[in-house]
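Coordinate-derived values only; no laboratory data. Keep in mind it's a predicted model, so treat the numbers as computed, not measured. So basically every Cβ, Gly included, is an ideal-geometry build from the backbone, and we count neighbours across all protein chains shown.
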Amino acid sequence: MSWNTVQLEWDDDVATLTVDRPDALNALNVATLEAMGEAIEAAANDGARALVLTGAGDAFIAGADIKYMQDLSAEAAQEWGELGHDVADALEAFPAPTIAAVNGYAFGGGCEMALACDLRVASESALIGNTEIDLGIIPGWGATQRLPRLVGDETARRMIFFGERLGADAAAEVGLFGEVVADDDLADAAAELADRIAAKPAFAMRTAKQALNQGYEGPQASGLEYEKRAFASLFGTHDQREGMAAFVEDRDPEFE
Ligand code: DAK
């Protein structure tokens with residue numbers, strides 16, 4: 001499969017999805033969002049053990065395409081909102097961990113795509129924020145829900161109310177980025193994280209992600225119940241037997 005504004009590349013079991021619309025700083029239009037949705041589905045179907053999301057050129061994703069949105073009716077905006085939500089939800093539900101490699105501007109909908117990933121690593125020159133307020137709108141692809149969970153309520157409110165654009169170090173300080181590296185090292189840093197994840201037992205990794213996600217879906221009590229069942233379901237799998245046998249026999253495990 002190939003798309004005009006999205007690339008999907010593989011390195012062993014690691015897939016990298018690059019939003020490739022550099023003339024518009026990778027702003028997301030309908031075709032790009034649809035292509036992202038298809039690429040994410042293809043990566044899942046082809047068994048990616050980790051997925052990296054990044055942008056071509058000097059931007060990660062400078063947001064939703066303002067030129068496209070400018071004259072939308074409320075009805076069209078509703079459909080547009082659903083499309084972006086579907087892509088963010090697909091990242092969140094992706095069966096393996098996802099890593100946003102934030103290589104530059106990540107504003108509005110770009111910040112929201114990064115928020116939907118499991119982990120975020122950024123280059124020193126990255127700038128991130130939910131800038132929608134200054135366009136007369138609010139975040140529409142998940143930031144009102146995902147941002148406070150990640151950075152806390154006060155910080156999220158400040159970011160959304162003031163449309164603050166945070167530099168990489170400031171964003172890392174509030175917990176928005178897990179790691180900041182030199183610009184030239186970003187691809188390697190993301191690949192290293194992805195490779196480390198891909199080397200872990202895949203079924204347990206998927207189950208861990210599902211259990212963590214479950215905590216956001218409802219009350220803690222139901223999340224704990226989910227964890228109990230998910231934990232038990234791993235017993236009897238090849239990787240559980242192998243991982244524990246390797247420990248007992250004092251050797252390296254060979255996971256599936
Ligand atoms: N949309 C469309 N084009 C964009 C763009 C964007 N978000 N960001 C940049 N571009 C285009 C510029 O128009 C310019 O195109 P040409 O003029 O060359 O044709 C090209 O990319 C290069 O941009 P600049 O010339 O501005 O480059 P600079 O380096 O000077 O500045 C910048 C870079 C990123 C600081 C600046 O471009 C900028 O501030 N861009 C806007 C960033 C922003 O506010 N992003 C948030 C967008 S709002 C919804 C759900 C979700 C959303 C909305 C609704 N519903 C539920 C309905 C999401 C909203 C957003 O994401």
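What percent does the relative contact order of the chain come to when contacts are Cα pairs within less than 8 Å and at least six residues apart? For the chain, the relative contact order is 15 percent. Take each peptide in 57-64, 240-247, 174-181, count the other Cβ atoms within 10 Å of every residue, and average; sorted highest first, the result is 57-64, 174-181, 240-247. Could you please state, rounded to a whole Å, how far the C-alpha centre of segment 57-83 is from the C-alpha centre of segment 146-168? Centre-to-centre (Cα) distance: 21 Å. Is the C-alpha gyration tensor of the chain telling us rounded, prolate or oblate? Criteria: a/c under 1.5 is rounded; beyond that, a/b larger than b/c is prolate, otherwise oblate. Prolate, since a/c reaches 1.5 and a/b exceeds b/c.
About its Cα centre, segment 1-112 has a charge dipole of approximately 280 debye under the convention of +1 per Lys or Arg Cβ and -1 per Asp or Glu Cβ, with nothing else charged. State, as an integer percentage, the relative contact order of segment 141-203 based on alpha-carbon contacts under 8 Å between residues 6 or more apart. Relative contact order of segment 141-203: 20 percent. Here the Karplus curve 6.51 cos²θ - 1.76 cosθ + 1.60, taken at θ = phi - 60°, turns the phi angles of segment 191-202 into couplings of 5, 5, 4, 5, 5, 5, 5, 5, 7, 7, x, 5 Hz, with x standing for Gly and Pro. Using only alpha carbons, segment 160-256 has a radius of gyration to Kirkwood radius ratio (Rg to Rh) of 1.10.
Within the same chain, lysines fewer than 8 places from residue 228 are excluded, and of the rest, those with a Cα less than 19 Å from its Cα are 209. When 123, 73 are sorted by how many other C-beta atoms sit within 10 angstrom of their C-beta, beginning with the fewest, the order is 73, 123.
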